[in-house]
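The values are calculated or read from the model by the stated rules, or taken from the named source; none is laboratory data. Predicted, not measured: the structure shown is a model, and the values here were computed from it. Cβ sites come from the backbone with ideal geometry, for glycine too, and all protein chains shown count toward neighbours.
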Amino acid sequence: MTFAASILTSSALAQNPPAELLQAAGAASASGAPQKVLRVCQDPKNMPMSDQQDRGYENKIAALMAQKLGWKLEHTWYPQRMGFIRNTLKAKLPDSEDYKCDVVTAVSTDFDLGLATKPYFSSTYALAYVKGRGLDAIKTPEDLLKLDRSVRDKLKIGIFARSPASDWLLKNGMTDQMVSFQPQTGDAEQYPGQLIDRDLASGKVDVAIAWGPIVGYFAQHAGGVPIAVVPFAPEADGIRYGFSIAMGVRHGDKALRDQLNAVLDASRPEIARILQEYGVPTVTIAPLAGKPGASS
């Protein structure tokens, strides 16, 4: 689950509250000075998060940030998998001292390859099943565990390998029912949502467990098949299912990080509406000590 254009110095940021930062950004855009650019690196084929046609919720949130700053939005596209940060945020353009981008979206708040902003949402893993196929009594993940063994032991449960979902099945003695999928196959034509809109909808698996935004979005886009979405608690029985999502900038780029924090704080209602449109299950998670977007 995959990871400088600054208009104010750190000292100026320290003297201006967020509202003034936003006013300053808008004034700079309207003054006739060269327009600033928000350069963002995102995955070109990773719905519902992002794609090259700007259809993902991370695309919409990045566009909102640029709009609020009064900056032009530019993209560099790169698959968000192993080596993503090395090849984007830390990579310079050919024959240039400029980096490919200054911001990456959809990183965790404990992002250690750069500086993380404040989180702009938190979500959790979710369980999904097709309504009307005998599982409608499941309203929480624990309800699945309470099913009669004659029913439960026959279920085929689709999950991504090495995830909280596999930990949950292992903890509850259900590994024999696990149908494991690789999250990163290297095949550009495959996408995580196939677990929901293809394999679950068709009956190849009876239950699917995946990252909540994937489950929520593809449950809405399964060709009319009615799919129930059942979120996990952010943490239960020693397993962490919930994660807070932030943007990342390079180490030392505190001014840009602080500007993004100001815009994120001012944009929370709009971000919430975007996430709701995409069916993202949101949860509340206590921030980690010292994370993220601290002034240090």
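At-a-glance table
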| item | result |
| --- | --- |
| Residue, surrounded by the fewest Cβ atoms within 10 Å (Cβ to Cβ), within the stretch 128-182, restricted to residues that are under 23 Å from residue 222 (Cα atoms) and aromatic (Phe, Trp, Tyr) | 181 |
| Residue within the stretch 215-225 that is surrounded by fewer than 18 Cβ atoms within 10 Å (Cβ to Cβ) and outside the structural domain of residue 163 (by TED's automatic domain parsing) present | no |
| Residue within the stretch 133-142 that is under 24 Å from residue 276 (Cβ atoms) and of a type in the set (S, T, N, Q) present | yes |
| Residue 239 surrounded by fewer than 23 Cβ atoms within 10 Å (Cβ to Cβ), within 24 Å of residue 112 (Cβ to Cβ) and of a type in the set (A, V, I, L, M, F, W, C) | yes |
| Residues of the stretch 257-290 that turn out to be at pLDDT below 95 and more than 21 Å from residue 233 (Cα to Cα), as a count | 1 |
| Yes/no for residue 137 being of a type in the set (Gly, Ala, Ser), at pLDDT 95 or above and at positive phi | no |
| Residue tally, condition in contact with a helix residue (DSSP H, G or I) (Cβ under 6 Å, 6 or more places away or on another chain) and assigned to a strand (DSSP E or B), over the stretch 109-146 | 8 |
| Unique match (being over 17 Å from residue 217 (Cβ atoms), at pLDDT 95 or above and either not β-branched (Val, Ile, Thr) or not assigned by TED's automatic domain parsing to the domain that holds residue 218 (or both)) among 60, 68 | 68 |
| Single match in 188, 210, 219, 228 (criterion: at pLDDT 95 or above, closer than 23 Å to residue 78 by Cβ and small (Gly, Ala, Ser)) | 210 |
| Single match in 156, 171, 204, 254 (criterion: in the same structural domain as residue 268 (by TED's automatic domain parsing) and at pLDDT 95 or above) | 254 |
| Residue match in the stretch 45-66 (condition: of a type in the set (D, E, K, R) and crowded, with 22+ Cβ neighbours inside 10 Å) | yes |
| Odd one out for residue 92 among (1) closer than 22 Å to residue 214 by Cα; (2) assigned by TED's automatic domain parsing to the domain that holds residue 261 | (1) |
